[in-house]
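S.K.: Pasting a structure here, questions to come.
The values are calculated or read from the model by the stated rules, or taken from the named source; none is laboratory data. From a predicted model like this one, the values you see are computed outputs, not experimental measurements. All Cβ positions, glycine included, derive from the backbone under ideal geometry; neighbour counts span all protein chains shown.
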Amino acid sequence: MMSKILREVDWILIVSILMLTFFGIITMKSFGGESGPLAGGDYFFNRQILWLALGFLVFVISLSIDWNFLKTNSIFLLILYGIVLLLLLFLFLAGHVSRGALSWYKIHSVGVEPVELMKPILVLVLAKYFSKRHAEIGRIFHLLVSGMYAVLPAVFVMLQPALGSATILLFLWLGMALFGGIKFKHLFFLMILGVIVAFSFWHFFLLPYQKQRIISFINPQHDIQGSGYHAIQSTVAIGSGGIFGKGLGFGTQSRLEFLPEHQTDFIFAAFAEEWGLIGVIMIFLFFGMAIWRIVLSGIYAESNFEKLYSAGLSILLFSQAMIHIGMNAGLLPITGLGMPFVSYGGSSLISLFLAVGISQSFYIHRKGIFIGTEERYQEGVFGA
């Protein structure tokens, strides 16, 4: 079994992902001795290596599982979805506040963030729903029902408040609905509904500091020492990197802590300052390659469920990366969202390795329903 996995797994995808984690880890190493409670050690560097080891172990285990049973078993997915939804709800009773959001369960020194597990589970649930109703997706009823799967956790996440992760959950649903065959008139209806919801959230739900972030996005000079500080320091860090960067360990914005949350929300800016434009190009290439391999595996998948899952996973990675880079570059409001595989965080890294492992498992445990699928996939993926 293991020999089959080693022979057929997409090593280019794995290497691309590992390179992204390497960029993140080596940037954390350059932070060196932090000031304050983390002084005197490579705190983020050491812990991220541990999360990488655990994440890769989860990846290997997921490869050995034949996830094709999900094609016919809806109850298992609904149970998983329900459990994580309850975990999001119970955060309001037993959660731990970190960085101003009630997003974590604190277990000794480890923080567990349920929304990170909800993301791949939501991809699976929506892939299952749309694949079973592919011919009926044009009906507004199915569009609304599928939307509820994303809206419920998004509301809980929004109330934490964690605007960035809530946005990703809604993007997932919209992207997979478009891929599944949503009608344009329904899309127009959703756009109108989105405007109404945005207006309601601005006046009734968004907290003052969240409004300030949006105002600062439009005009960072509005509050340089307050809500506009993060955006300005982030763009300074990216711009000061130049073409070749300042060098590993010489990023003043992160090392001197002008750039806040440089290990998570602003890891791209910290990386760009030290590695420069050349490093940014490399991170784009490896990230693009990883997404392309996932898309390619979906193109030659055996069922709509697998195709939709690959599409959803690609949407998840692409949207989260683009929002993270956009807010680091001053193009989007600061939402507190990490970059996949690069930012510090065990919950995110382990969940993403699980999601990619499921994607690869679909191919490794294929049933060979379509004649010639294997040969075409081998030609596209491995260049055979």
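S.K.: Count, please, the residues in segment 230-252 that happen to be small (G, A, S) and crowded, with 19+ Cβ neighbours inside 10 Å.
M.R.: Narrowing segment 230-252 to residues small (G, A, S): 231, 234, 237, 239-242, 245, 247, 249, 251.
Subset that is crowded, with 19+ Cβ neighbours inside 10 Å: 231, 234, 237, 241, 245, 251.
Qualifying residue count, segment 230-252: 6.
S.K.: Oh, and also: Could you run through segment 309-341 and say how many residues are part of a loop (DSSP other than H, G, I, E, B) and touching a Lys or Arg at 6+ places or on another chain (Cβ under 8 Å)?
M.R.: Of the residues in that region, 4 qualify.
S.K.: Within the set of pairs 6 or more residues apart or between chains, which connect a residue that is at pLDDT below 90 inside segment 325-341 to a residue that is among the charged types (D, E, K, R) with Cβ atoms less than 6 Å apart?
M.R.: Correct list of pairs: P333/R213; I334/R213; G336/D265.
S.K.: Can you find, within segment 78-95, the residue that is surrounded by the fewest Cβ atoms within 10 Å (Cβ to Cβ) among those that are in contact (Cβ under 8 Å) with a residue 60 or more places away in the chain and among the hydrophobic types (A, V, I, L, M, F, W, C)?
M.R.: Here the residue is F92.
S.K.: Can you name the helices (runs of 4 or more DSSP H) wholly within segment 1-106 that have at least 2 residues being at pLDDT 90 or above?
M.R.: Because the criterion is at least 2 residues that are at pLDDT 90 or above, the helices (runs of 4 or more DSSP H) in segment 1-106 that meet it are 11-31, 43-64, 74-94.
S.K.: Surrounded by 22 or more Cβ atoms within 10 Å (Cβ to Cβ) and either within 18 Å of the chain's Cα centre (by Cα) or assigned to a helix (DSSP H, G or I) (or both): does that describe E273?
M.R.: Taking the combined requirement at face value, the residue satisfies it.
S.K.: If F250 passes every condition in (1) at pLDDT below 85; (2) touching an Asp or Glu at 6+ places or on another chain (Cβ under 6 Å); (3) outside any helix (DSSP H, G or I) but one, which one does it miss?
M.R.: Result: F250 passes all but (2).
S.K.: Looking only at segment 268-283, decide whether some residue is at pLDDT below 95 and over 22 Å from G247 (Cβ atoms).
M.R.: Within segment 268-283, none of the residues are at pLDDT below 95 and over 22 Å from G247 (Cβ atoms).
S.K.: From the set of residues in segment 96-108 that are touching a residue at least 40 places away in the same chain (Cβ under 8 Å) and not hydroxyl-bearing (S, T, Y), which is farthest from Q160 (Cα to Cα)?
M.R.: The residue in question is R99.
S.K.: Can you tell me which residue within segment 61-77, out of those that are surrounded by 14 or more Cβ atoms within 10 Å (Cβ to Cβ) and among the hydrophobic types (A, V, I, L, M, F, W, C), is nearest to P114 (Cα to Cα)?
M.R.: L77
S.K.: Further question on the same structure: From the list E302, E306, which one is outside any helix (DSSP H, G or I), at pLDDT below 95 and more than 24 Å from E261 (Cβ to Cβ)?
M.R.: Result of the check over E302, E306: E302.
S.K.: Right, another one. Can you find, within segment 316-336, the residue that is nearest to F59 (Cα to Cα) among those that are of a type outside the set (S, T, N, Q) and either touching a strand residue (DSSP E or B) at 6+ places or on another chain (Cβ under 6 Å) or buried (at least 24 other Cβ atoms within 10 Å of the Cβ) (or both)? I'd like the intermediate steps shown before the answer.
M.R.: Taking segment 316-336 and keeping what is of a type outside the set (S, T, N, Q), we get 316-318, 321-327, 329-334, 336.
Next, from what is left, pick out any that are either touching a strand residue (DSSP E or B) at 6+ places or on another chain (Cβ under 6 Å) or buried (at least 24 other Cβ atoms within 10 Å of the Cβ) (or both): 316, 321, 324, 327, 334.
Values: L316: 17, A321: 21, H324: 24, M327: 30, I334: 31 Å.
Top of the filtered list is L316.
S.K.: Could you tell me how many of the residues in segment 349-384 are farther than 26 Å from D66 by Cβ and either in contact with a strand residue (DSSP E or B) (Cβ under 9 Å, 6 or more places away or on another chain) or modelled with pLDDT of 95 or more (or both)?
M.R.: Result for segment 349-384: 0.
S.K.: Let me ask something else. Pairs needed: first member in segment 6-26, without any contact (Cβ under 8 Å) to a residue 40 or more places away in the chain; second member anywhere, surrounded by fewer than 19 Cβ atoms within 10 Å (Cβ to Cβ); C-beta distance under 7 Å; at least 6 residues apart or different chains.
M.R.: Going by the 7 Å Cβ cut-off, the qualifying pairs are I25/I49.
S.K.: Those residues that are surrounded by fewer than 20 Cβ atoms within 10 Å (Cβ to Cβ) and under 23 Å from A101 (Cα atoms), I need them from segment 171-201; list them, please.
M.R.: F171, V197, A198, F199, S200, F201
S.K.: Can M118 be described as modelled with pLDDT of 85 or more and in contact with a Pro (Cβ under 7 Å, 6 or more places away or on another chain)?
M.R.: yes
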